[in-house]
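Engineer: Submitted below is the structure of interest, expressed as structure tokens.
Every read-out reported here was derived from the displayed coordinates using simple, explicitly stated rules and does not represent laboratory data. Computed from a prediction, not measured in an experiment: that's the story for all the values here. All Cβ positions, glycine included, derive from the backbone under ideal geometry; neighbour counts span all protein chains shown.
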Amino acid sequence: MIRKITDILKEKDRTYSFEFFPPKTLKGREKLSQVASTFKDLEPDWFSVTYGAGGSTREATMDIVNDFQKRLGVPTIHHFTCVGHSKAELEAIIKKMKEKNICNVLALLGDTPQGVENWKPAADGLEYCFQLIELIRAHDSFFSIGVAGFPEGHINCPDKETDSKYLKIKIDAGGEFVITQLFFDNKDYFEYVARVRKTGVKVRIFPGILPIINYQKLLTFCTTCGANIPQRVHDIFKPLDGNEEATYNAGVKFAVEQCNELLEGGAPGLHFFTLNKLDPTREILSKIKR
């Protein structure tokens, strides 16, 4: 029986988890399968698998989650967005999850697909993430539901206070833990936790960690998701641009320092965005003060 994240949190004060994305090719899927098998040796508390914009990786996400759970026995969070799906489609996906014993979900509003011409939202879709949570929560207590958090404030939110109120709405609807967007200044995380605690949010808030291994890709990725890149990161990695080995080593060093400070400051664990690569996450994990 696959364990629910909430049950794991009742037993452990600190957790470590790894996030993957569905590859576009069969070869990529096979490679991810091998990578995940090796990650299991690191004794993760859970895996998670992302869900493409507009539900574009719907089948792949569910297949990978199902494989990780059946073959590796690792509890795996199924990212689940409502953008692009009608309410009926969402209900059908939830039913299919239950049939496959996928009991851990990260409920998200989701992004619209990039580069898709004339894309239109589903006529009978949901407008807000809390509505998706309510839809999932209607299935009694089968699911453990996580939500996303944004230490710097959501890119579409007018201010941080409003962002905090939206998180409280998601928690009140049934969200049971928070995984944050990537960030590189730990001050943002600690201020975020303090801010949302004042609204009454009491659940665990896991910091999302992105190891830096390519400066140009970092710039593109953060522009897309709206995450801020502190000047300190530019000062470290811009001079190393194009030097893979030096960037990798600096990325490991930066992440180890970031992770240790987070844990020492009271973070309840770490959630790594692995980019489907074993290293540098494995090396970082081996060097932090667990």
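Engineer: Taking 7 Å along the Cα-to-C-beta vector as the label spot, tell me the LYS87-ARG290 distance in nanometres, rounded to one decimal.
Structural biologist: So the two model labels end up 4.5 nm from each other.
Engineer: Also, quick follow-up: In the Gaussian network model of the chain, springs joining C-alpha atoms below 10 Å, which of LYS95, LYS198, LYS168 carries the largest mean-square fluctuation?
Structural biologist: With Cα springs under 10 Å in the chain, the top fluctuation among LYS95, LYS198, LYS168 is at LYS198.
Engineer: When the gyration tensor of the stretch 38-85 is built from Cα positions, what are the square roots of 5 times its three eigenvalues, in whole Å, from largest to smallest?
Structural biologist: 23, 10, 7
Engineer: Starting from the 7 Å offset along Cα-to-Cβ, what nm value, one decimal, do you get for the label separation of LEU42 and ARG197?
Structural biologist: For the pair LEU42/ARG197, the computed spacing is 2.8 nm.
Engineer: Another question, if that's okay. Sort all Cα-Cα distances of the stretch 1-110 into consecutive 5 angstrom bins from zero, then give the percent of pairs in each bin up to the one containing the longest distance.
Structural biologist: Taking every Cα pair in the stretch 1-110, the percentages come to 2, 12, 23, 24, 19, 13, 5, 1.
Engineer: Taking only DSSP H segments of four or more residues, each worth -39500 (n - 2.57), what value at 222 nm results for the chain once the sum is divided by all its residues, to the nearest 500 deg cm²/dmol?
Structural biologist: Numbers: 11 runs with 126 residues, N = 290.
Helices in the chain give a 222 nm mean residue ellipticity of -13500 deg cm²/dmol.
Engineer: So for each of 45-51, 258-264, 81-87 I average, over its residues, the number of other beta carbons within 10 Å; can you give me the resulting order with the highest mean first?
Structural biologist: The densest-packed peptide leads the list: 45-51, 81-87, 258-264.
Engineer: So if R0 is 41 Å, what FRET efficiency would ALA246 and ASP140 give, r being the distance between their Cβ atoms, rounded to the nearest 0.05? Before the final figure, lay out the partial values.
Structural biologist: Working: r = 53 Å, r/R0 = 1.28.
Working from the Cβ atoms, E equals 0.20.
Engineer: Still on this structure, I have one more. Let me see the P(r) profile for the stretch 162-207: every Cα-Cα distance counted, bins of 5 Å, each bin given as a percent of all pairs.
Structural biologist: 5, 23, 35, 25, 10, 2
Engineer: Any idea what log10 I(q)/I(0) is at q = 0.12, 0.25 Å⁻¹ for the stretch 200-282, Debye with uniform C-alpha scatterers and no solvent?
Structural biologist: For the requested q values the scattering log ratios are -0.38, -1.38.
Engineer: Still on this structure, I have one more. Normalise the Cα radius of gyration of the chain by 2.2 N^0.38 Å (N = residues in it) and let me know the number.
Structural biologist: Compactness ratio reported: 0.96.
Engineer: Oh, and also: Anyone know which of ILE229, ILE133, ILE64 comes out most mobile in the 10 Å Cα GNM of the chain?
Structural biologist: Taking springs between Cα atoms under 10 Å, the residue moving most is ILE229.
Engineer: For the chain, what relative contact order do you get, as a whole percent, if you take Cα pairs closer than 8 Å and at least 6 residues apart?
Structural biologist: 18 percent
Engineer: Among LEU109, LEU132, LEU218, which one shows the highest mean-square fluctuation when the chain is modelled as a Gaussian network with alpha-carbon springs under 10 Å?
Structural biologist: Evaluated over the chain, the most mobile residue of the options is LEU218.
Engineer: Set the Förster radius R0 to 45 Å, insert the Cβ-Cβ distance between ASP111 and GLU264 as r into 1/(1 + (r/R0)^6), and round the FRET efficiency to 0.05. Walk me through the intermediate numbers first.
Structural biologist: Details: r = 34 Å, r/R0 = 0.75.
Taking R0 as 45 Å, the efficiency between ASP111 and GLU264 is 0.85.
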